[in-house]
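Read through the structure below, which is laid out as structure tokens, and then see the notes.
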Amino acid sequence: MPLGQRAGDKSDSRYCGVEVLDFPAGDGLPAVLTHSLSSAFDFLLAPLVDPDYRPTPGAVLPVAASDLVLSPSQWSSHIVGKVSEWIDLDSEDEQLRLNSELTLKQEIAWATHLSLQACVLPPPKRSTCANYARVVNNILQGLTNMQLWLRIPLEKSESMDEDHDKVNNNNPTSETVDSWESWNSFRLLCEHSSQLYVALDILSSLPSMNSLGRWFGEPVRAAIVQTDAYLTNARGYPCLPKRHQTLLTGFFNHSVQVIISGRSNHNLSQVSEGVLSGDENHTEDTPTRHALGPYLDYIAYLYQRMDPLPEQERFEINYRDFLQSPLQPLMDNLEAQTYETFEKDTVKYTQYQRAIAKALVDKVSDDEVSTARMVLMVVGAGRGPLVRASLQAAEETGRKLKVYAVEKNPNAVITLHSLIKLEGWESMVTIISSDMRCWDAPEKADILVSELLGSFGDNELSPECLDGAQRFLKPDGISIPSSYTSFIQPVTASKLHNDIKAHKDIAHFETAYVVKLHRVARLAPPQEVFSFTHPNFSPKATNQRYTKLQFELPQDTGSCLVHGFAGYFDAVLYKDVHLGIEPNTCTPNMFSWFPIFFPLRKPIYVPSESPIEVHFWRCCGSTKVWYEWALVAPSPSPIHNSNGRSYWVGL
């Protein structure tokens, strides 16, 4: 039974499992499953093989249950296999090592036979886990549908600030424990396999939020919450500390399932969400309630108190972590469906209307309202939303306006003519079917309006287009937007890396993608990259750019893996009217742009407290514009997309 109903959420995080600690011998597994399902758990994390088993010649694998005791759909939907915990593939004991390898392969083979969706592997028992990873990597290469979840205890030892120097200088042999390092070593040895995931053991103490934040960019499938992590509230019921609550809420938002594990530490016969939420009159008669039922009730309470997914998030949910190539606005003509999607973004056009209204008021004083008529050119008019915003701004301010709508897409021009006729704007709007860079305007414009911005600001050639169009503008004319700036920040994005890696070529790692970022860890605050201002009448103006940036990660983050850089933009439309997607200043409820992602061909390991230095270039040729990027610290990467060999925007 799902944890509850949350509007818009159809992810796996709605389902909660329970770990079976004791081996269910004989026909025990069906009984345990029935009891757990009737107690509102959705699946079991159950051992597959008797933990006392050690391989001997001719021995039959002592499995927990025959494949006949459960239906195929029950095995597939309600059982996650748990590989024997005694397995130690990096032991110095050769016999134990060989027995471990054979048993691991036998258990995975049995799980595959049962059509299980996933198996949980025991955590590495030592810092060096090369042989364990080698065997798992061999297994992964033969799997088609089943996932392997590596169990990792969520822990990181952290010294207090005043002890930091003492730890580093006076006790060089002291080791800090960071379980992320164990996971990172294992997945690197397994070549970033897309079928290798993490199951995190949530213990009674947690590291800092900055350290925990790294995991949101990792392929975490399950959070195994130990009953020892629970506290007891004033009524005697289990509850979790604030940091645990925050972590689980984050995991719910990232489609991570909760599994409850351990023995009951609260002697309660029954509990319900009514009690948890303060309803003392709420009672629930549940015979033979599962011993961990109160812990499940608390997890359900945490899930149900989350806010519903906002309408914008529901609209964008199918685009999460889906890589899209950016538009080629000059080379390609947009389709009607693309126009329609952008035109639904009322927030964007409201901002444009505000900017145009302010510009009109600045251009035409109240004394000149009856006589002055402003010339406004919409360059890249599409199907007319900016034309409408301009005329509404004129009506709002009481200013007279003459509009030129310049559009190169002949299909959009047809729609424009229909719109002008339908609205009765023939006397105010002149439609120009032409590329703005080639058109000779009959008169100069007071205001030049465009929506040529891409996810990175300049990545859809707004600078080149507006440089070509600014010849229409009077010397004191206004460009809307008047400026825009791009931003980047380093991210951990394991899913995006694996999706790009699946193409098995360099070109896809040298392409910038538009993507609704979801399963990412943002490692440092965004920094400015390139800025452009319009109009720019300088004779030495160039749109080529080069910048180098250094990012400092918070001290308590720990080590991390950088898969690439997330890019954003912020634009000043006019004076104090702006729009953008930079996380700190983003325009609320605007969906026309997703961030852009610049991948790295090889993820870069960043040791704790090491700076990240990246260099970015914007290059211009006679027929194309492209970006190049490279990391130089903590270790150098190749220069990506040299000479625009893999990705460019055509002029």
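What the table shows:
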{"item": "Rounded if a/c under 1.5, otherwise prolate or oblate - the chain, Cα gyration tensor axes", "result": "prolate"}
{"item": "Of Lys408/Lys624; Lys363/Lys402; Lys105/Lys501, pairs whose Cα-Cα distance is over 22 Å", "result": "Lys105/Lys501"}
{"item": "Probe 1.4 Å, accessible area per residue of the chain, Å²", "result": "44 Å²"}
{"item": "Within-11-Å neighbourhood charge of Ile431 [Cβ basis; K, R +1; D, E -1]", "result": "-1"}
{"item": "Interatomic Cα distance distribution for segment 351-472, bins of 10 angstrom, percent", "result": "13, 45, 35, 7, 0"}
{"item": "Sum of side-chain charges, Asn498 neighbourhood, beta-carbon under 11 Å (Lys, Arg +1; Asp, Glu -1)", "result": "+1"}
{"item": "Quotient of C-alpha Rg and 2.2 N^0.38 Å, computed over segment 517-630", "result": "1.23"}
{"item": "Residues with amide H under 5 Å from that of Ile478, placed H, sequence gap 5 or more", "result": "Ile447, Leu448"}
{"item": "For segment 14-139: span of alpha carbons on each principal axis (Å, largest first)", "result": "45, 35, 23"}
{"item": "Sequence-distant residues sharing a close amide H with His534 (under 5 Å, placed H)", "result": "Ser483"}
{"item": "Inter-centroid distance (Cα atoms) of segment 317-340 relative to segment 403-472, Å", "result": "20 Å"}
{"item": "Percent of beta bridges antiparallel (DSSP, the chain, rounded to nearest 5)", "result": "50 percent"}
{"item": "Computed helical MRE - 222 nm, the chain, DSSP H runs ≥ 4 contributing -39500 (n - 2.57), nearest 500", "result": "-8000 deg cm²/dmol"}
{"item": "Percent carbon-and-sulfur accessible area, the chain, ignoring ligands, DNA and RNA, probe 1.4 Å", "result": "50 percent"}
{"item": "Global geometry of segment 451-604, whether rounded, prolate or oblate, following the gyration tensor of its Cα atoms and the 1.5 cut on a/c", "result": "prolate"}
{"item": "Hits among aspartates and glutamates - C-alpha to C-alpha of Lys540 under 13 Å, sequence gap 8 or more where chains match", "result": "Asp467"}
{"item": "Rg in Å to one decimal, and Dmax rounded to a whole Å, for segment 363-431 via C-alpha atoms", "result": "12.5, 41"}
{"item": "Euclidean distance of C-alpha centroids, segment 25-63 and segment 577-632, integer Å", "result": "49 Å"}
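The values are calculated or read from the model by the stated rules, or taken from the named source; none is laboratory data. Keep in mind that what you see is a predicted model, and the values were worked out from it rather than measured. Reconstructed Cβ throughout: ideal geometry from the backbone, glycine too, with neighbour counts over all protein chains shown. To get the accessible areas, we keep the full protein, side chains included, count just its heavy atoms, and leave off ligands, DNA and RNA. Shrake-Rupley method; radii C 1.70, N 1.55, O 1.52, S 1.80 Å.
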